[in-house]
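Visitor: My structure is below; once you've seen it, I'll send some questions.
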Amino acid sequence: MPTEADCLIAVNRVPQVGAAKVESLRRVFGSLQAAAEADPAEIADLCKDLGPILSRQVVEAMRSDFAAEERERAKRSKTTILTAEDAAWPKAFKALASPPLCLYCVGNLALLEQTQVAIVGTRDASIYGTEQAKRFAFGLAEAGVVVTSGLARGIDSAAHEGALEAGLVNANRAGRTIAVIGAALDRLYPAPNKPLARRIVREGGLVISEYAFGRKADRQTFPARNRLVAALTRAVLVVETPQKGGTIITAEMAEALGHDILAVPGRLDWPSFAGNQVLIRDGRARLVTHPEEILERLGALSLAPAATPQTPAAPSGLEGLTELERKVVSAVPPDGISIDGLCAQTGLPIPDVTSTVIALQMRRKLRPLPGGLVARCAR
């Protein structure tokens, strides 16, 4: 009998079936596993939103060997398939009215639950726009923030590259980027960015898609991709965009979720920055000119430089810290701990722990370890 996760993987391949129809099946039958044993005619009768044809397709998919075959393909390509049944499933997707059924992932899964900022913009980017995307991405990644974007040409590519460059300067910051693509992982689009995707994975980042193997990019997949970018990130930075397009859609989705919208000022006479100007003018986006402004917005208010090697550290290492910072530092063991582990140890919510960890890393009180862990810095 297929597991609930197997059923989700199978249903994910059926066109026109998303979270709403899955919820309808679960509401009537209790689980997808139970629905897989039902007669398609019964499903069509009880779940009016599916209808006879879709009901038959769903049952056939769940009873087929598709999930096992998909898992085998994933194993061969070093891909992890996540569903909401898995502990690593992003909690941020709970805010979506239509969350994905599956997530195909290659790379460092720990990044999914770390603080992320989206950097987005036009494919037809100016030199100024690409430079700003790289500058902001580098600054955020160097501070320990994950830079998330869509792997498109233009601003997206520049953002991923800027984050990767932070890893060249500081190995502890390697791979601080997530690429969310609008096609299956084996149909990566755009094709010229395949080397960039491989580099992201090789250097410790993550590439993800909600689509089953074989799904090509189309006009529907990109807006769908944008909702994942908006959900995963604490803030969306608009670098360069005209008044219409995928970037504005991403900003609107993030705005609807209550996330911050930030925008880089651009030339007033360039149409490629018209969207930036409108977002700022209408008060929907906060104008930013430096990565530190975003870090402050995220709660990393302490931007003091690290002490030089000649400066002796305080005896306890806790002097000058706030009560919240002391509590977090005291809960960090020498061999490292995850953000979830810190939340459990301190009883603090994830946003408070994440922003405090970022501030402490910038003050050289904590240092990042592989796998999304943090440890105390040596005194």
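Visitor: Tell me whether region 131-138 contains one or more residues that are open to solvent by less than 20 Å² (accessible area, probe 1.4 Å), at pLDDT below 95 and not aromatic (Phe, Trp, Tyr).
Guide: no
Visitor: May I pose another question? Please identify the pairs in which a residue from region 31-52 that is within 21 Å of Ile9 (Cα to Cα) and crowded, with 18+ Cβ neighbours inside 10 Å has its Cβ atom under 6 Å from the Cβ atom of a residue that is acidic (Asp, Glu) and modelled with pLDDT of 90 or more, counting only partners at least 6 apart or on another chain.
Guide: From residues that are within 21 Å of Ile9 (Cα to Cα) and crowded, with 18+ Cβ neighbours inside 10 Å, the pairs are Leu32/Glu4.
Visitor: Which pairs do you get when a residue that is touching a residue at least 24 places away in the same chain (Cβ under 8 Å), found in region 1-18, comes within reach of a residue that is of a type in the set (Asp, Glu) and crowded, with 16+ Cβ neighbours inside 10 Å, reach meaning Cβ atoms under 7 angstrom, with the pair 6+ apart or on two chains?
Guide: Close Cβ pairs satisfying both conditions: Ile9/Glu70.
Visitor: Of all residues being touching a helix residue (DSSP H, G or I) at 6+ places or on another chain (Cβ under 7 Å) and among the β-branched types (Val, Ile, Thr) in region 53-95, which is most open to solvent (accessible area, probe 1.4 Å)? Just the residue, please.
Guide: Among those that are touching a helix residue (DSSP H, G or I) at 6+ places or on another chain (Cβ under 7 Å) and among the β-branched types (Val, Ile, Thr), it is Thr80.
Visitor: From Val353, Val332, grab the single residue that is at pLDDT 70 or above and in a loop (DSSP other than H, G, I, E, B). Write out each step before concluding.
Guide: Details: Val353 fails: in a loop (DSSP other than H, G, I, E, B).
One residue alone meets the criteria, Val332.
Visitor: Looking at region 227-256, which of its residues are more than 16 Å from Arg123 (Cβ to Cβ), open to solvent by less than 10 Å² (accessible area, probe 1.4 Å) and not hydrophobic (A, V, I, L, M, F, W, C)?
Guide: The one that is more than 16 Å from Arg123 (Cβ to Cβ), open to solvent by less than 10 Å² (accessible area, probe 1.4 Å) and not hydrophobic (A, V, I, L, M, F, W, C): Thr233.
Visitor: Still on this structure: Pairs under 7 Å by beta carbon, first residue within 16 Å of Thr3 (Cβ to Cβ) in region 66-95, partner part of a helix (DSSP H, G or I) and charged (D, E, K, R), six or more apart or different chains?
Guide: Taking only residues 6 or more apart or on different chains, the pairs are Ala67/Asp6; Ile81/Glu70; Ile81/Arg71; Glu85/Glu4.
The values are calculated or read from the model by the stated rules, or taken from the named source; none is laboratory data. Not measured: the values here are computed from a predicted model. Cβ coordinates were reconstructed from backbone atoms using ideal geometry, including for glycine residues, and neighbour counts include every protein chain displayed. Ligands, DNA and RNA are excluded from the accessible area calculation, which covers all protein heavy atoms including side chains. Shrake-Rupley method; radii C 1.70, N 1.55, O 1.52, S 1.80 Å.
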